[in-house]
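Chemist: To start, I am sharing the structure in question, which I have written as structure tokens.
The values are calculated or read from the model by the stated rules, or taken from the named source; none is laboratory data. Given the structure is predicted, the values throughout are model-derived calculations rather than measurements. Neighbour counts are summed over all protein chains in view; Cβ atoms, including those assigned to glycine, are modelled from backbone coordinates with ideal geometry.
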Amino acid sequence: MIAAVPRFVLPEVVPVSVTVVGSLNEDVLVAVGRLPGRGETVIGRSAELAPGGKGANQAAAAGQLGPGVHMVGRVGEDPAGDRQLAALAGSRVNVSRVQRTAGVPTGSATIPVEDGSGENLIVVVPGANAELTPEDADVESVRRAAVLLLQLEVPLDTVYAAAAAAGGTVVLTPAPPCLLPDELLGLVDLLVPNEHELVQLTGAAAGARTPAELAALARGIVGPVVVVTLGARGALLVRRDGTPALLQAPPEVVAVDTTGAGDCFCGALAQALARGAELPEAVRYAVTAAALSTTGPGARGALPDDGDVQALLPRTPAVVPLA
């Protein structure tokens with residue numbers, strides 16, 4: 001059922017620049033000296049609760065960077081759901097289409113984060129996210145959005161319904177990775193995997209690859225333009241017009257925690273595209289925002305605003321075409 005509208009919900013008549021259909025989770029962040037190996041136990045230094053979920057993280061990042069951001073999703077009728085709604089509203093996100101789901105807890109994620117490197121592992125329990133229906137996604141804020149952001153932490157038929165209803169640019173993060181139907185890929189304008197997701201999507205063998213090798217894999221995906229996020233190496237833009245792939249390196253920052261950097265990238269990419277930026281310019285903006293997001297703890301501990309990104313952009317390296 002839909003909860004009574006809390007005081008921080010904005011009316012849906014607010015102009016829509018970006019709409020996110022996706023997950024809302026409560027993260028449990030555990031600081032560890034090093035990440036555990038398979039079957040290994042390590043002692044955590046501390047633990048804290050933080051708002052998360054790939055969908056909500058992307059919405060929060062977009063909301064910090066500009067107005068007109070809407071979230072479509074589900075939470076439980078529990079205190080965790082209250083916290084997720086309040087956190088999104090605090091990032092200027094309209095949550096009028098986030099529904100309460102009786103008898104199901106808000107989604108959660110446990111995330112050990114390694115001291116020093118900021119690298120992490122993530123285990124997600126979907127909870128209410130698994131109850132998001134295709135009907136939930138067929139709403140005005142999806143149809144009117146300049147950019148629609150999607151991920152795979154909610155049911156695939158709901159993702160498809162949202163893409164089918166969209167009137168603007170459709171951006172999909174294929175995480176967690178799964179076999180994507182051709183019908184869905186045909187509705188997607190931009191596919192934004194990280195390099196590990198790209199390898200899984202294409203059925204290639206696991207292993208380290210150069211940007212040129214990753215570009216070759218990306219060209220094997222039929223349909224959307226592909227933007228591959230590469231962590232500390234930046235992002236790779238692979239278009240369908242026969243032009244060389246573009247490697248966009250990030251500015252130098254001191255990384256504290258890389259959790260959610262890819263989600264910040266997507267939120268920033270969406271805001272830049274909604275403002276009318278050309279794709280290479282939008283990727284440059286998103287790489288810069290994502291780098292800033294790693295300078296604090298948690299998925300949203302250091303989300304930048306537009307002023308932060310604009311100030312750092314002159315220090316972002318020039319894009320490099322790949323032969």
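Chemist: Kindly indicate whether residue 256 is surrounded by 17 or more Cβ atoms within 10 Å (Cβ to Cβ), assigned to a loop (DSSP other than H, G, I, E, B) and over 17 Å from the mean Cα position of the chain (by Cα). Spell out how you get there, then give the answer.
Modeler: Numbers: surrounded by 17 or more Cβ atoms within 10 Å (Cβ to Cβ): yes; assigned to a loop (DSSP other than H, G, I, E, B): yes; over 17 Å from the mean Cα position of the chain (by Cα): yes.
Here the answer is yes, as residue 256 does meet what is asked.
Chemist: One residue is enough: does the stretch 313-323 have a residue meeting the conditions β-branched (Val, Ile, Thr), touching a helix residue (DSSP H, G or I) at 6+ places or on another chain (Cβ under 7 Å), over 30 Å from residue 28 (Cα atoms) and touching a residue at least 12 places away in the same chain (Cβ under 8 Å)?
Modeler: Going residue by residue through the stretch 313-323, those that are β-branched (Val, Ile, Thr) are 316, 319-320.
Those left that are additionally touching a helix residue (DSSP H, G or I) at 6+ places or on another chain (Cβ under 7 Å): 316, 319.
Cutting the leftovers down to over 30 Å from residue 28 (Cα atoms) gives us 316, 319.
Okay, now just the ones that are also touching a residue at least 12 places away in the same chain (Cβ under 8 Å), so 316, 319.
Looking for residues that are β-branched (Val, Ile, Thr), touching a helix residue (DSSP H, G or I) at 6+ places or on another chain (Cβ under 7 Å), over 30 Å from residue 28 (Cα atoms) and touching a residue at least 12 places away in the same chain (Cβ under 8 Å), one finds at least one in the stretch 313-323, hence yes.
Chemist: Does the stretch 182-204 hold any residues that are touching a residue at least 24 places away in the same chain (Cβ under 8 Å) and in a loop (DSSP other than H, G, I, E, B), and which are they?
Modeler: 186, 187, 188, 189, 192, 193
Chemist: A further question on this structure: Among the residues of the stretch 168-177, write down those that are part of a loop (DSSP other than H, G, I, E, B) and under 16 Å from the mean Cα position of the chain (by Cα).
Modeler: Pass one, the stretch 168-177, residues part of a loop (DSSP other than H, G, I, E, B): 168, 173-177.
Answer for the stretch 168-177, where residues must be part of a loop (DSSP other than H, G, I, E, B) and under 16 Å from the mean Cα position of the chain (by Cα): 173, 174, 175, 176, 177.
Chemist: Exactly one condition in (1) in a loop (DSSP other than H, G, I, E, B); (2) surrounded by fewer than 24 Cβ atoms within 10 Å (Cβ to Cβ); (3) modelled with pLDDT of 95 or more; (4) not aromatic (Phe, Trp, Tyr) is not met by residue 207; state its number.
Modeler: (3)
Chemist: Mind telling me which of the residues 280, 321 ends up being in contact with a strand residue (DSSP E or B) (Cβ under 7 Å, 6 or more places away or on another chain), surrounded by fewer than 21 Cβ atoms within 10 Å (Cβ to Cβ) and under 22 Å from residue 146 (Cβ atoms)? Even if it seems obvious, please write down each step before you answer.
Modeler: Values: 321 fails: under 22 Å from residue 146 (Cβ atoms).
None of the others qualify; the one that does is 280.
Chemist: So residue 52 fits all but one of (1) surrounded by 24 or more Cβ atoms within 10 Å (Cβ to Cβ); (2) in contact with a Ser or Thr (Cβ under 7 Å, 6 or more places away or on another chain); what number is the exception?
Modeler: Against the list (1) surrounded by 24 or more Cβ atoms within 10 Å (Cβ to Cβ); (2) in contact with a Ser or Thr (Cβ under 7 Å, 6 or more places away or on another chain), residue 52 comes up short only on (2).
Chemist: Being under 27 Å from residue 278 (Cβ atoms), at pLDDT below 95 and within 20 Å of the chain's Cα centre (by Cα) is the requirement here; does residue 201 meet it?
Modeler: On the way: under 27 Å from residue 278 (Cβ atoms): yes; at pLDDT below 95: yes; within 20 Å of the chain's Cα centre (by Cα): yes.
Criteria met by residue 201.
Chemist: Give the residue that is nearest to residue 130 (Cα to Cα), with candidates limited to residues of the stretch 14-30 that are in a strand (DSSP E or B) and not β-branched (Val, Ile, Thr).
Modeler: Going through the stretch 14-30, the residues in a strand (DSSP E or B) turn out to be 18-21, 25-30.
Still in the list and also not β-branched (Val, Ile, Thr): 25-27, 29.
Values: 25: 12, 26: 15, 27: 17, 29: 22 Å.
This residue is 25.
Chemist: Mind checking which residues of the stretch 232-253 are of a type in the set (Val, Ile, Thr), closer than 19 Å to residue 219 by Cβ and either more than 21 Å from the chain's Cα centre (by Cα) or surrounded by fewer than 23 Cβ atoms within 10 Å (Cβ to Cβ) (or both)?
Modeler: Here is the first cut: in the stretch 232-253, the ones of a type in the set (Val, Ile, Thr) are 238, 243, 253.
With closer than 19 Å to residue 219 by Cβ added as a condition, the list becomes 238, 243.
If the condition is that a residue be of a type in the set (Val, Ile, Thr), closer than 19 Å to residue 219 by Cβ and either more than 21 Å from the chain's Cα centre (by Cα) or surrounded by fewer than 23 Cβ atoms within 10 Å (Cβ to Cβ) (or both), then 243 is the only one that fits.
Chemist: When the residues of the stretch 91-150 are filtered to those that are within 20 Å of residue 66 (Cβ to Cβ) and out of contact with any Gly (no Cβ under 9 Å at 6 or more places or on another chain), which remaining residue is surrounded by the fewest Cβ atoms within 10 Å (Cβ to Cβ)?
Modeler: Among those that are within 20 Å of residue 66 (Cβ to Cβ) and out of contact with any Gly (no Cβ under 9 Å at 6 or more places or on another chain), it is 140.
Chemist: For the stretch 51-82, which residues satisfy the criterion of being in contact with a Cys (Cβ under 7 Å, 6 or more places away or on another chain) and of a type in the set (A, V, I, L, M, F, W, C)?
Modeler: Result: 61, single match.
Chemist: Please determine, by comparing only the residues of the stretch 276-323 that are among the hydroxyl-bearing types (Ser, Thr, Tyr) and outside any loop (DSSP other than H, G, I, E, B), which one is nearest to residue 51 (Cα to Cα). Working first, answer last.
Modeler: Restricting attention to the stretch 276-323, the residues satisfying the condition of being among the hydroxyl-bearing types (Ser, Thr, Tyr) are 285, 288, 293-295, 316.
Still in the running and outside any loop (DSSP other than H, G, I, E, B): 285, 288, 293.
Numbers: 285: 24, 288: 22, 293: 15 Å.
The residue in question is 293.
Chemist: Oh, and also: Could you give every pair whose Cβ atoms fall below 6 Å, whose first residue belongs to the stretch 149-162 and is closer than 13 Å to residue 25 by Cα, and whose second residue is assigned to a helix (DSSP H, G or I) and charged (D, E, K, R), counting only separations of at least 6 or pairs across chains?
Modeler: So the pair list comes out as 153/54.
Chemist: Residue 229 passes all but one of (1) farther than 19 Å from residue 195 by Cα; (2) under 16 Å from the mean Cα position of the chain (by Cα); which number fails?
Modeler: For residue 229, the exception is condition (1).
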